[in-house]
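Here is the structure we will look at, set down as structure tokens.
The values are calculated or read from the model by the stated rules, or taken from the named source; none is laboratory data. Just so it is clear, the structure is predicted and the values come from calculations on it, not from any experiment. Counting neighbours? That spans all protein chains shown, and the Cβs are built from the backbone with ideal geometry, glycine included. In case anyone asks, the SASA skips ligands and DNA or RNA and just uses the protein heavy atoms, side chains included. Shrake-Rupley method; radii C 1.70, N 1.55, O 1.52, S 1.80 Å.
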Amino acid sequence: ALYYKTPKHPSEKEWSTVMRISNFMRLLFENKLSVDEIRLSNERYDIVTNATHDLIWDWNLETNELYRDPRGLQKVYGFSSNEPIKTIHEWLNHIHPEDHKKVQDIIFQILNAKDETSFDIEYRFKREDGTYAWIYDRGYILRKEDGKAYRMIGAAQDITERKKLQEELQNYQKA
């Protein structure tokens, strides 16, 4: 509100100042709401990554940037840092030799398909300590209107114990 000693209307300059302040206050308020929404979204993400034993990953195919959440990276791939496997080629070098071609073919097939939106695969992955873990990996592919994939988001899970139990059961049934 503007108050004067005598009744009058604000000048063009005063009115312009009031409008700029009003717009600035609106932007501040909208920014506060956006920050609150981002904070809530990040909080949900953190809760999900803590609640699951999965590794959440996000691969930007246009920049070839591959994000993996640090907690899942340690739990599933056994790496303390993403650096040694930060690119798809470095990651593929850790796939067991017997599974390498299958995994590479599935990735190539998914990227070149026009209508597939999801995949899942099991493979063995060489951890930082040199041991192999069985991994169940699944993902969702985001595509442009022309069908070209531009992003993949997914989750990987260490299923080594399950695979060991399956093998023991099979051996027991054979005996």
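If you take every residue apart from Val18 with its C-beta less than 15 Å away from the C-beta of Val18, what net charge results, scoring Lys and Arg +1 and Asp and Glu -1? Mind dumping the intermediate values first?
On the way: positive: Lys8, Lys13, Arg20, Arg26; negative: Glu12, Glu14.
Net local charge, Val18 excluded: +2.
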Exercise. Which net charge results for the neighbourhood of Lys75, defined as the other residues with beta-carbon distances under 13 angstrom from its beta-carbon, given Lys and Arg at +1 and Asp and Glu at -1?
Worked result: -2
For this session: With a probe of 1.4 Å, find how much accessible area segment 1-134 has per residue, and write the answer as a whole number in Å².
Result: 72 Å²
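What is the percent carbon and sulfur in the accessible area of the chain, measuring with a 1.4 Å probe over the protein chains and ignoring ligands?
55 percent
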Exercise. Where does the Debye-calculated log10 I(q)/I(0) of the chain sit at q = 0.08, 0.10, 0.14 Å⁻¹, using only Cα point scatterers of equal weight, no solvent?
Worked result: -0.43, -0.56, -0.86
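I need the GluC sites (Glu not before Pro) found in segment 30-118, filtered to DSSP loop residues with at most 16 other beta carbons within 10 Å of theirs. Each step should come with its number before you reach the end.
Numbers: sites: Glu30, Glu37, Glu43, Glu62, Glu65, Glu90, Glu98, Glu116; in loops: Glu62, Glu116.
Filter output for segment 30-118: Glu62, Glu116.
Which is the longest stretch in the chain that no exposed loop site breaks, taking sites as chymotrypsin sites (Phe, Trp or Tyr not before Pro) with a DSSP loop state and at most 14 other Cβ atoms within 10 Å?
On the way: sites that count: Tyr3, Tyr4.
Here the longest run is 5-175.
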